[in-house]
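To start, the structure under review is shown below, and the notes come after it.
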Amino acid sequence: MKYADVIIDISHEKVDRSFQYIIPDRLEGIIGTGDCVNIPFGKGNSMRTGYVTAISDKCDFDESRLKSIVSRCEDINTIEADYVRLAAWIRDTYGSTMIAALKTVLPIKKTVKSLEKKKIVRLLEPDEIRSLYHESIRKKHSAKARLLYELITEEILPYELVTGKLNVSGQTIGSLQKDGVLKTESVSIYRNPVTLEDRSEVRVSLSDEQLKICDHINNNPGRYLIHGITGSGKTEVYLDLIENTIRAGRQCIMLIPEIALTYQTLMRFYKRFGDRVSVINSTLTAGERYDQCQRAKNGDIDVIIGPRSALFVPFKDLGLVIIDEEHENTYISEQNPRYHARDVAEKLCELRNATLVLGSATPSMEAYYLAQQGYYKLFKLTKRLTGGKLPDTVIVDMRKELRDGNKLMLSRLLQDKIRDRLNKKEQTMLFLNRRGYSGFLNCRMCGHVIKCPHCDVSLSRHNDNMLRCHYCGYETPEIKTCPECGSGHIRALRVGTQQVEECLGKLFPDARILRMDADTTRQKDSYEKILGAFANGDADILVGTQMIVKGHDFSNVTLVGAILADLSLNESDFKTGERTFQLLVQAIGRAGRGSIPGEAIIQTYKPDHYSIVYASGQDYEAFYKEEIMYRDICSYPPVGNMVHVLVSSDDPRRALGLATALKKRAVDKTSVIGPAPDGVFKINDHYRYGIYIKGKDKKSVEKARFEMEEFLRTAPLKNENVIFDVL
């Protein structure tokens, strides 16, 4: 006997449990995960439709109380069916529950008040309206007369015009409607977050390299990786591929890694495709997000642009998924299930018979490794679209700067280069990987560091003299004496965007400076305002965190400075070298994208590190060869396979006990590291232990995870939580 778990009435809010049904013998082998089925439901056994989320041999309830599936729906190739199958794949791949996976992939469906546009429609002939108008004048019904006068010549009037400009009340309109003079009609309209005015597009001719790529992909659906140097015109390739897909009557999803990239990318796509393009991201209201999903489902748009959540917009005939800057960490979900958008997109394209295109100047090790294995078809763009060369790059050893008496955060060379750009009316971008003041307080006498009482991290000092925890939000006023030894020698070690901005203001008082980081982009449309101002030449220098060096194209930027370039090398992660290389190459690539050659300066305390050396030369191949050798030796992904198991609890003993019990479920042919306190041991009063399962054999690592998941289904858990992160 087979049993099926079935979800009834799929919606984002109602998906909280499934119901088990018997699969009758006549349907065994016919019904599969994701299929739409007809089932009896409720006390009256009314017929409903649902979707099969899992099939098993085990009955979880009293079998005598279970009902049987009546039939399989005839139309099984629905959008919902594909997304249920996708959710099942996510559950199996990333170790989440089916409910969590369904809530991830299903279109947003909340109780959102729809927008309505009302109009007033004339029901009588103009001569009859004219008679009523004169009667209203005689009776001194001025409001009614104003409306009737307009209806003499206009058959339809916008409701807001009548109540606004004509100043006619709803009561007056209702009176005329009751007398049969007019009627009001309402039509639901969708919220559209796109409000671009200028639609003039300047098309550029594709290069031979670009044409070769477009011709091949347009005629050969499949999986592709485009490795193009910064400024090589990957976006022009995307535009051509999307145009071809739309011409074939199919739709496209364009993923971008940062909300900050949405504005500039959207402008280029909107100018090409007009109102058939929309955007979805976390800055939209619930109503706006819901409406974009409905517009896609109804066929009102052909292209959706956004971060990883855009992947689940329900197009009826999806033909193309593009993931720009595919190497970015923002494509990895931080919530359970911790899916990677690249892998989920690949599965979605398989289900919908669509083409997948990845693009990056610094491909992830995983994508490039698969391309080397022939899993992705690899294309390269080796020339800049403007015909210019890549920026000349200089590495500055900040240790030597300090020895030579320069205690500022800007090297003398960088100061000279900025001054030169200011004189030439050219622009500069400076970035570092920190926000606000982001400095921690420590005592110079005893070394004590002021930490969050709820999390095992230092508190960060901000410009408003408050200490804040960036994990749980705890905040407290800045202290002046050390709580350990009572010394007054407590200082903030701070290097952040605000301090860089202040330093620039002192060195270059006449310079126009913009700052872009998490603190200046909290409000809706703040990204667009800052980037738009810089693009229009309203500032000489743009200072910011990593968000300013990813994908932006400013033709007048001829200098890029990387401050604290080696900061990311200090993280406890095997991918630190890769991330540092990618960040620096992307940063360097912002310079010289116009007709004027660019320069870049990398300030570092580790000038000999291979990631920094190869990044300065923008030599991806050399970096890949050295990095993949290191990954191979250590059996790290993509050569090996690894799963991070994070166990947390409000009781450290229970967290450690559960982590130890899970470790025992690991199978042979895997190496298990831990349990050990995770990178940040305590967050929000919850203690965290990590386990790493590692091995060359993918099936063995997956089996170890499955064994742990099976143990958790019956384990007596209290406040423990377990997250599986497939690396």
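Bear in mind that the values in this text are calculations on the coordinates, not laboratory data. This one's a predicted model, so the numbers in the text were calculated from it and none came from an experiment. So basically every Cβ, Gly included, is an ideal-geometry build from the backbone, and we count neighbours across all protein chains shown.
Among (1) 1.02; (2) 1.08; (3) 0.97, find the value of Rg/Rh (Cα atoms, Kirkwood Rh) that was calculated from the structure presented, and write down its label.
Structure-derived value, by its label: (1).
List the relative contact order of the chain as a percent without decimals, with contacts defined as Cα pairs under 8 Å and 6+ residues apart.
Normalised by residue count, the contact order of the chain is 10 percent.
For residue 64 and residue 622 in one chain, what is 0.36 nm times their gap in residues minus the Cα-Cα distance, to one decimal in nm?
Gain in length upon complete extension: 194.3 nm.
Using just the helices of the chain, give the 222 nm mean residue ellipticity in deg cm²/dmol: DSSP H runs with n ≥ 4 each add -39,500 (n - 2.57), and the total is spread over all residues, rounded to 500.
Helix contribution divided over all residues of the chain: -10000 deg cm²/dmol.
Residue 651's amide H: which non-local residues (gap 5+, or another chain) put their own amide H closer than 5 Å, with H modeled 1.01 Å from N in plane and none for Pro or chain starts?
Excluding prolines and chain starts, which carry no amide H, the hits are 687.
I'd like to compare 584-591, 713-720, 220-227: which one has the highest average count of other Cβ atoms within 10 Å, and what's the full order after that?
Per-residue Cβ counts within 10 Å, averaged per peptide and sorted highest first, yield 584-591, 220-227, 713-720.
Please compare each pair in 2/347; 234/529; 663/718; 383/550; 451/506 to a cut-off of 22 Å on the Cα-Cα distance and tell me which ones are over it.
2/347; 234/529; 451/506
Measuring from centroid to centroid over Cα atoms, what is the spacing of segment 637-658 and segment 380-431 in Å?
Spelled out, the Cα-based centre of one part sits 42 Å from the other.
Which order, highest average first, do 391-403, 557-569, 266-278 follow once you tally other Cβ atoms within 10 Å for each residue and take the mean per peptide?
Answer by packing, highest mean first, reads 557-569, 266-278, 391-403.
In terms of modelled amide H atoms, which long-range or inter-chain residues lie less than 5 Å from the amide H of residue 358?
HN-HN under 5 Å from residue 358: 224, 225, 226, 323.
Long-range amide H contacts for residue 727: which residues qualify at under 5 Å (H placed 1.01 Å from N, peptide plane, sequence gap of 5 or more or a different chain)?
Under 5 Å from the amide H of residue 727 lie the amide H atoms of 642, 643, 644, each far enough along the sequence or on another chain.
So what's the net charge close to residue 209: Lys and Arg +1, Asp and Glu -1, counting the other residues with Cβ under 12 Å from its Cβ?
+2
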